[in-house]
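Right, one structure below, let's go through it.
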Amino acid sequence: MSEAVPIGWGRRLLPRLDGAGREAEGLVHGDTLFGPTEQAHHGRPWVAANFVSSVDGRIAQNGSAAGLGSATDKALMRRIRFEADAVLHGAGTVRAERFTPAVPPLLSERRVREGRPPQPLGVLVAGNGGLPLQHPYFTAASPRSPRLIWTTDPSLGALARPGIIDVRIVDAPRVSLHGLLADLLARGVERVVCEGGPGLFTAMVRDGLIDEVFLTVAPRLLGDAPSLTLGALPGGCSLRPRSVYQRAGELFLRYTVDAGAG
């Protein structure tokens, strides 16, 4: 049996940015979240999933995940987005939350200084069922912050705006996630963060398309609220812990998916 390893209590924390955007502290999970050996492989990008949940596995409070994670969790989310080339969501997340996949101006400017696009590509997987077309996910899209939609719903073609929102309509019962990731790789995307929801995450895991998992556990019990419960995963999925951090009772967990075990 492996020896228990203590958690670094309050050390190596996420940065606090001062008025000039300088980092005042160290980083949760180390200095980089996508290493050079963890980029495009097997004909697709490297894919990390990022979630926050309560101790009892709930992913929403009063119908929204916005108030569940702390400022530290939100800073981690922004840093993962900053390092990613694309941010992936399912349609259910867009229906439930008002958000965009963008990073704030300071991080956008840093991306440009590094020779990267100012914003990660926002990628949406949508079946039939309708979407709120005036959602900021769509209305805030721009040439600097573009979107890609893969969908089985022909009506979403109305969202297409050249150079801003690219809509790919799939003539099939469901979107091929392998096909989507191959398309992203062809567009130069090597690093993807999937922010949910649980349905998309389940499908990605089932298809063997998740390489790493970031999970923040908020020190709260929420009882009867939407949960992180996944759909059917025949054989399950084994994870190897990579790092664990704690701050103010909140746990920041990082796992690598064990490709050699179900």
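The values are calculated or read from the model by the stated rules, or taken from the named source; none is laboratory data. In this text the structure is predicted, and so the values were computed from the model without any measurement. Don't worry about glycine lacking a Cβ; one is built from the backbone with ideal geometry, like all the others, and counts go over all protein chains shown.
Show me the helices (runs of 4 or more DSSP H) found entirely inside the stretch 91-146 where at least 2 residues are modelled with pLDDT of 95 or more, out of contact with any strand residue (DSSP E or B) (no Cβ under 8 Å at 6 or more places or on another chain) and crowded, with 20+ Cβ neighbours inside 10 Å.
none
If I ask for residues that are polar (S, T, N, Q) and at pLDDT below 65, which ones from the stretch 33-60 would you list?
Within the stretch 33-60, Thr37, Gln39 qualify.
Going residue by residue through the stretch 210-217, is there one that turns out to be at pLDDT 85 or above, under 17 Å from the mean Cα position of the chain (by Cα) and assigned to a loop (DSSP other than H, G, I, E, B)?
Within the stretch 210-217, one or more residues are at pLDDT 85 or above, under 17 Å from the mean Cα position of the chain (by Cα) and assigned to a loop (DSSP other than H, G, I, E, B).
Scan the stretch 147-178 residue by residue and report those that are surrounded by fewer than 17 Cβ atoms within 10 Å (Cβ to Cβ) and of a type in the set (S, T, N, Q).
Correct list: Ser155, Ser176.
Do we find that Gly199 is free of Cβ contacts under 8 Å to residues at least 40 places away in the same chain, of a type outside the set (A, V, I, L, M, F, W, C) and not in a strand (DSSP E or B) in this structure?
Here the answer is no, as Gly199 does not meet what is asked.
In the set Ala20, Ala84, which member is under 20 Å from Asp166 (Cβ atoms), hydrophobic (A, V, I, L, M, F, W, C) and either more than 16 Å from the chain's Cα centre (by Cα) or modelled with pLDDT of 95 or more (or both)?
Of Ala20, Ala84, the one residue that is under 20 Å from Asp166 (Cβ atoms), hydrophobic (A, V, I, L, M, F, W, C) and either more than 16 Å from the chain's Cα centre (by Cα) or modelled with pLDDT of 95 or more (or both) is Ala84.
Looking at the stretch 225-233, is at least one residue of a type outside the set (A, V, I, L, M) and either more than 15 Å from Gly196 (Cα to Cα) or modelled with pLDDT of 85 or more (or both)?
no
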